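Here's the structure, in structure tokens; my notes come after.
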Amino acid sequence: MKRLRADLWVSAFVRLHTQRGNMCVVRQRGDEIAGQIWVEVDHLNGTNSLYVPAMQLDSDGQERVFEARFDRASAQEVEARIQQERAFDPDFWVISLETRDADIGLTLAE
């Protein structure tokens, strides 16, 4: 079984948070089929987090797994990292989420 296309995964994630009452938008569109997906989270308390794809060691690779690149850092640090990636690879997705919820709906690497 193949992994869900990036555009479909992003649409489902945005819809989930919209239904929860959170502000969630696609800030940057990437490759529709296999683009990396980054999620920036504004915790609405002056801190931001950035979740990026985690390296997957299993051969299955169907589920998207993320790791925290920044956890409750400044908005400037998160933005600088996104801009750095954009200069390297402009074909990735960026989702912006505003929430106070601890569960942001991502599978995190252990």
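The values are calculated or read from the model by the stated rules, or taken from the named source; none is laboratory data. Everything quoted here is computed from the prediction, not taken from an experiment. Virtual Cβ from ideal backbone geometry, glycine too; neighbours counted across all protein chains shown.
Of note:
- Among the numbered conditions (1) under 19 Å from residue 103 (Cα atoms); (2) buried (at least 16 other Cβ atoms within 10 Å of the Cβ); (3) at pLDDT below 95, the only one that residue 63 does not meet is (2).
- Remark: pairs (first residue in segment 1-22, assigned to a loop (DSSP other than H, G, I, E, B); second residue crowded, with 17+ Cβ neighbours inside 10 Å; Cβ separation under 8 Å; 6+ apart in sequence or on different chains) = 3/64; 4/64; 22/97; 22/99.
- Single match in 69, 86, 100 (criterion: surrounded by 13 or more Cβ atoms within 10 Å (Cβ to Cβ), basic (Lys, Arg) and not in a helix (DSSP H, G or I)): 69
Yes or no, residue by residue, for (1) over 14 Å from the mean Cα position of the chain (by Cα); (2) among the hydrophobic types (A, V, I, L, M, F, W, C); (3) buried (at least 17 other Cβ atoms within 10 Å of the Cβ):
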| residue | (1), (2), (3) |
| --- | --- |
| 6 | no, yes, yes |
| 26 | no, yes, no |
| 42 | no, no, yes |
| 55 | yes, yes, no |
| 105 | no, no, no |
